[in-house]
Amino acid sequence: MADPVTIKPYEGPSGGWGSARSLTEILLREQVPLSGGALLMHQNKPDGFMCVSCAWAKPGKPAVFEYCENGAKATAWEVTRRRITADFFAKHTVTELESWRDYDLEELGRLTEPMRWDAATDRYVPVSWEDAFGEIGAELQAADPKSTVFYASGRASLEASYMYGLLARLYGNNNLPDSSNMCHESTSVALPESIGSPVGTVLLDDFEHTDCIFFFGQNPGSNAPRMLHPLQDASKRGVPIITFNPFRERGLERFTNPQSPVEMLTRSETRITSQYLQVKAGGDLGALYGLCKALIEADDAAAANGSARLIDTAFIAQHTHGFEAFAESVRGTTWETIEAQSGLPRRELEQAARTYARAKATMGIYGMGLTQHRKGVETVQMLVNLLLLRGNIGRPGAGICPVRGHSNVQGQRTVGITEKPELVPGDTLKALYGFEPPKEKGLNTVEACEGILDGSVRAFVALGGNFIRAVPETVLMEAAWRKLRLTVQVSTKLNRNHLIHGEIAYILPCLGRIEIDAQPGGRQAVAMEDSTACIHGSKGYAEPASPQLLSEPRIVAGIAKATLAPNPSIDWDRWGSDYASVRDAIEATYPSEFKDFNARMWQPGGFRRPIPAAERVWKTETGKANFVTPQGLSADPDTEQADPAVLRLITMRSNDQFNTTIYGYDDRFRGVKGTRMVLFMNRTDIARLGLRDAQTVSLIGAASDGVERRVDGFRVLAYDVPVGCVGGYYPECNPLIPLWHHAERSKVPAAKSVPVRILAP
Ligand SMILES: Nc1nc2c(c(=O)[nH]1)N[C@H]1C(S)=C(S)[C@@H](COP(=O)(O)OP(=O)(O)OC[C@H]3O[C@@H](n4cnc5c(=O)[nH]c(N)nc54)[C@H](O)[C@@H]3O)O[C@H]1N2
Ligand SMILES: Nc1nc2c(c(=O)[nH]1)N[C@H]1C(S)=C(S)[C@@H](COP(=O)(O)OP(=O)(O)OC[C@H]3O[C@@H](n4cnc5c(=O)[nH]c(N)nc54)[C@H](O)[C@@H]3O)O[C@H]1N2
Ligand SMILES: [Mo]
């Protein structure tokens, strides 16, 4: 069982000795051999392997240790000595395993051979790769392509992803949802309309030239710790960092670089944030309105009395569209509304706006705190509006910086993992492979869930991930999932989605990226794209967890060959064993993005694919960068109920997890030890609702749609969060999220503003 629960405020910085200790613990627990330390030396280095944790940029001139506590945990998790073999599955029925915790399942170690669920004994039994591909191929051939889904979690390489996308299209659908649909799809919808590029414009170098950073709803201390290095450097140069976050995240407050002996020995800390604004969950739309209002009204006054303007009028005139309508909307919005929506006082927003007005180059950085809301798309567009007011896109030190999640989630989209047919070059695919790529829009994550619930989806293939645990509406989804005809999981570790399975169910274990990928033609490398659109090669260094594992490209090739009619233009066997040939195909499909792919992938720091907005080339309908005016300020129509007993639940990550993978039960920075079932609550709310600190309560969904949603066993924890907001961990809280409660325009589940009530015994 878990350690005894202790909860006390964490006084230390992010990084520092706590980080070093936590890392040592996991290396020991996973029995990572001493060579594991040597392995870490290759992490995120040119010619090394790219971290399997987050997608943060990898510098061209890396530090000696270019990894963080959580990146090293992710490495240890993959190169662990623990293994699950057929013996284990022979001893346990699947039903029995369902009572195990997620943590215990993954702690069993790496999967070692392909398995098929046997209905008669309710056990997974070994199967040969050949038989597995044979049956999967036959099932897929018999199915209606419209009823099959090809999901991808964002970890697989560019090569595996390109092949996977092509497999789906040759098979006959665009049903290619990916984890991005739960994550930065709000970005992918917002940015093309605003600036004509779907991804961020900032490069690592920009941190050296910036004058000011606006930081919204991302927790770098836990989720992108290497980003604390450029943030620390910027802070040391005196760059103001203005943070909007309902939680006071330690990584955003202060940092000790665990890789600096001096900082460690002297226990010196750098303050990161200069102004911390504890915005209400979903209140960023209001906060951004406030910043824009303060700036535009101060600029109106400057224009009237002839002093220097505060907005960049030349940039606005030359490069943008829609300014007047936007400015009118901002001027017409009252401070009363802005304060109510954001939960922030006017004077604090004015102070932040003054800092902004003084800065020559400003960056806007953000994560799930903006994208996972009903108004996620509009909020991202408001952040762009703020940047456009002072010409902060397309010049050094400035720009928009979405912090992507999975290590190759951005890259998967670049090479065709998308349900939107207009995002792939259909004509080129037709010319290369002699087929008509399907034109009908495919299913994204929420639509795939709807299809599973209504029975129209029958087969589900997953290239990584733990879909059933990651999506909302857990109870209904799990019940419907069991009715699927076919479920295929390409995975490295046992997870919930192997236990909740279809009538015919396969686990196909694959090599991880850190492992040596030996093919007949020699050792293979793969490539990925980071958050800043830089593309890097990655080579494995660790011995494979089992001789029976196949690489992801080989598994995709195996399924493709068994499913599709032979195509004279595609040699799946060659692609599955010689990834340079896949990269040639990627280059042929996307010539401007991947020019000289094979040669350039080893360039230190990666090569950047062209991002037109970063050059002030606006690929929008107006040919300009657009000020997009949101329809109203209400962050979340469903949660804005008059009922004061309804709270907004933020579901988020601890410092001891990677998405649904739970490394441990501590959240050091938030002072929680030994449990994940806590409910972070403001003292005022605790008192107002007649509760006590440390009391055990249940949460019930407050949406009035007739579905009962409930999770029991939370411990109330008095915490510094805004009144009306509570916080809990993902995925434990997912049963509380209605499937329809997603960003209106991108369908990203609105996991950061879930309407709930508290039920006390
Ligand atoms: N170690 C580790 N690294 C990871 C992951 C992991 O699980 N573990 N996951 C990876 C993935 S896939 C992703 S997408 C990223 C996720 O990384 P993040 O974007 O950091 O995701 P979260 O932890 O969900 O929380 C985001 C932050 O938003 C804040 N927040 C919540 N609601 C609001 C709001 O309404 N407004 C504002 N301004 N802030 C809000 C929360 O307090 C929290 O600090 O990290 C990636 N990296
Ligand atoms: N309530 C709530 N829900 C959320 C979120 C939230 O903030 N709140 N965040 C959302 C976000 S941002 C995301 S990205 C999704 C994440 O959703 P997913 O990407 O589906 O989930 P993960 O937990 O990252 O997947 C973990 C599994 O991936 C497999 N795996 C690990 N490495 C590899 C590999 O190299 N290859 C293969 N084939 N498999 C591998 C392992 O078997 C492991 O069990 O969850 C979303 N759900
Ligand atoms: Mo994500």
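The values are calculated or read from the model by the stated rules, or taken from the named source; none is laboratory data. Just so it is clear, the structure is predicted and the values come from calculations on it, not from any experiment. In this analysis, Cβ positions are derived from the backbone assuming ideal geometry, glycine residues included, and neighbour counts consider all displayed protein chains. Just the protein is used for accessible areas: all its heavy atoms, side chains included, with ligands, DNA and RNA removed. Shrake-Rupley method; radii C 1.70, N 1.55, O 1.52, S 1.80 Å.
Here are the numbers for this structure:
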| item | result |
| --- | --- |
| Subset of 430/595; 430/747; 441/483; 420/483; 45/619 violating a 22 Å alpha-carbon distance limit | 430/747; 441/483; 420/483; 45/619 |
| Order by protection proxy (mean Cβ within 10 Å, highest first), peptides 115-121, 356-362, 627-633, 653-659 | 653-659, 356-362, 627-633, 115-121 |
| Dipole-positive endmost among 459, 492, 556 within region 421-558 (Cβ charges, Cα centre) | 492 |
| Relative contact order %, region 637-759, counting alpha carbon pairs below 8 Å whose residues are six or more apart | 37 percent |
| Under the Karplus curve 6.51 cos²θ - 1.76 cosθ + 1.60, θ = phi - 60°, whole-Hz ³J(HN,Hα) for region 257-266, x wherever Gly or Pro sits | 5, x, 9, 9, x, 5, 5, 5, 6, 8 |
| Size of electric dipole in region 185-403: Cβ of Lys, Arg +1 and of Asp, Glu -1, about Cα centre, debye, nearest 20 | 500 debye |
| Area accessible to solvent at residue 336, 1.4 Å probe radius, in Å² | 150 Å² |
| Phi-based couplings in Hz for region 485-497 (Karplus 6.51, -1.76, 1.60; Gly and Pro marked x) | 6, 9, 10, 10, 10, 8, 8, 10, 9, 5, 9, 3, 6 |
| Spacing of the two label points (7 Å from each Cα toward its C-beta) at residue 642 and residue 595, in nm | 6.3 nm |
| Mean Cβ neighbour count within 10 Å, used as a protection proxy, ranking 726-732, 506-512, 590-596, 580-586 highest first | 506-512, 726-732, 580-586, 590-596 |
| Stokes-Einstein D (µm²/s) once Rh is taken as the Kirkwood radius of region 185-403 over alpha-carbon pairs, at 4 °C in 1.567 mPa s | 74 µm²/s |
| The chain: relative contact order as a whole-number percent, Cα under 8 Å and 6+ apart | 22 percent |
| Which of 704, 538, 117, positive extreme of dipole for the chain (C-beta unit charges) | 538 |
| R0 of 30 Å, Cβ-Cβ distance residue 10-residue 209: FRET efficiency to nearest 0.05 | 0.35 |
| Whole-Å semi-axes of the ellipsoid equivalent to the chain (Cα gyration tensor, √5λ, descending) | 39, 30, 27 |
| Antiparallel bridge percentage (DSSP; both residues within the chain; nearest 5) | 45 percent |
| Relative contact order (%) - criterion: Cα under 8 Å, at least six apart; region: region 323-457 | 16 percent |
| Normalised per residue, the volume of the convex hull around the Cα set of region 637-759 (Å³) | 108 Å³ |
| Peptides 546-552, 675-681, 284-290 ordered by average Cβ neighbours within 10 Å, highest first | 284-290, 675-681, 546-552 |
| Sum of -39500 (n - 2.57) over DSSP H runs of 4+, divided by residues of the chain (222 nm, nearest 500) | -9500 deg cm²/dmol |
| Dimensions in Å of region 573-687 - Rg and Dmax from alpha carbons | 24.4, 66 |
